[in-house]
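The values are calculated or read from the model by the stated rules, or taken from the named source; none is laboratory data. It should be emphasised that the depicted structure is a prediction, and the values quoted were computed from it without experimental measurement. Methodologically, a virtual Cβ is constructed for each residue, glycine included, from the backbone with ideal geometry; neighbour enumeration extends over all protein chains shown.
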Amino acid sequence: MNATPLDQLLRTQTEIWRGLHSENQNWRTIASGFAELDALLPGGGWPLGGVLEILSPCLGIGELSLLLPAMASLSQSKRWITWIAPPQQVYAPALLQAGIDASYVLVVDCRQEADIPWSLEKLLRSGRCGMALAWPRRLSDHQIRRLQLAAEAGSALAVLFPKQRSGSGYTALRLEVRPAKIGLALQILKARGSLQRASLTLPL
């Protein structure tokens, strides 16, 4: 039976999303360090080559703890962990305690809001950066799309902590986190390659 034009397109254009039934979900990932969370994430971890958006009601509720195991793994592989315009000083002793190689930690002080997406894109495309974290006020769909392409090019994870929720469909993964009695309540709002929404509480 001859292949249809649609079959030929799907076979040659592997980046086309095919929903829950994709046979081509071979995106690179890195384990989050939390088995319960990895079991819910497509590919079993954070998407290398993607944009992760973490929404929270306020800063400092444990959202960074979600990323520490992956940061440690990436830094030990000699890939940079970059912090772009962090709202507070990066606390080096906590990073060292988490197993992160501080010699691969870079902090970028962006004085202008417009410098944040530019810096992110350059770092993600470099190929040396494993994870780039940023705290922008808000990014447009066009800016997030550019970051997604840059992350894919550099096989890096971009992590955004926006002050205002965006409506972009270009993020590979979007989480919402809230404090809970025993740790951090997490809800997966969107995950590339899955229509499933899920929630769990991690005892951080």
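Here are some notes:
- Positions within the range 104-115 being surrounded by 14 or more Cβ atoms within 10 Å (Cβ to Cβ) and farther than 12 Å from T82 by Cα, in sequence order: C110, D115
- Of the residues making up the range 59-98, those that are touching a strand residue (DSSP E or B) at 6+ places or on another chain (Cβ under 8 Å), among the small types (G, A, S) and over 14 Å from F34 (Cβ atoms) are S75, S77, A85, A92.
- Whichever residue in the range 74-100 is surrounded by 20 or more Cβ atoms within 10 Å (Cβ to Cβ) and of a type in the set (S, T, Y) and, among such residues, is farthest from L189 (Cα to Cα): S75
- Subset of the range 1-36 (residues that are at pLDDT 95 or above, assigned to a loop (DSSP other than H, G, I, E, B) and under 13 Å from the mean Cα position of the chain (by Cα)): A31, S32
- Within the range 161-180, being assigned to a strand (DSSP E or B) and surrounded by fewer than 18 Cβ atoms within 10 Å (Cβ to Cβ) holds for E176, R178, P179, A180.
- Look at (1) closer than 20 Å to I81 by Cα; (2) surrounded by fewer than 21 Cβ atoms within 10 Å (Cβ to Cβ); (3) not aromatic (F, W, Y) and you find that G183 fails only one, number (1).
- Screening the range 55-135 for helices (runs of 4 or more DSSP H) wholly inside it with 3 or more residues that are polar (S, T, N, Q) and at pLDDT 95 or above returns the ranges 68-76.
- Among the residues of the range 102-120, those identified as of a type in the set (A, V, I, L, M, F, W, C) and within 14 Å of V90 (Cα to Cα) are A102, V105, L106, V107, V108.
- The lone exception for A39 - which of (1) modelled with pLDDT of 90 or more; (2) surrounded by 12 or more Cβ atoms within 10 Å (Cβ to Cβ) it fails: (2)
- Positions within the range 123-138 being without any contact (Cβ under 8 Å) to a residue 40 or more places away in the chain and under 15 Å from the mean Cα position of the chain (by Cα), in sequence order: L124, R125
- Residue list for the range 179-204, filter: touching a helix residue (DSSP H, G or I) at 6+ places or on another chain (Cβ under 9 Å) and of a type in the set (K, R): R192
- Annotation note: Cβ proximity below 6 Å between a residue of the range 63-86 that is in contact (Cβ under 8 Å) with a residue 60 or more places away in the chain and a residue that is surrounded by fewer than 19 Cβ atoms within 10 Å (Cβ to Cβ) and not in a strand (DSSP E or B) (sequence gap 6+ or interchain) occurs for E63/S56; S65/L204.
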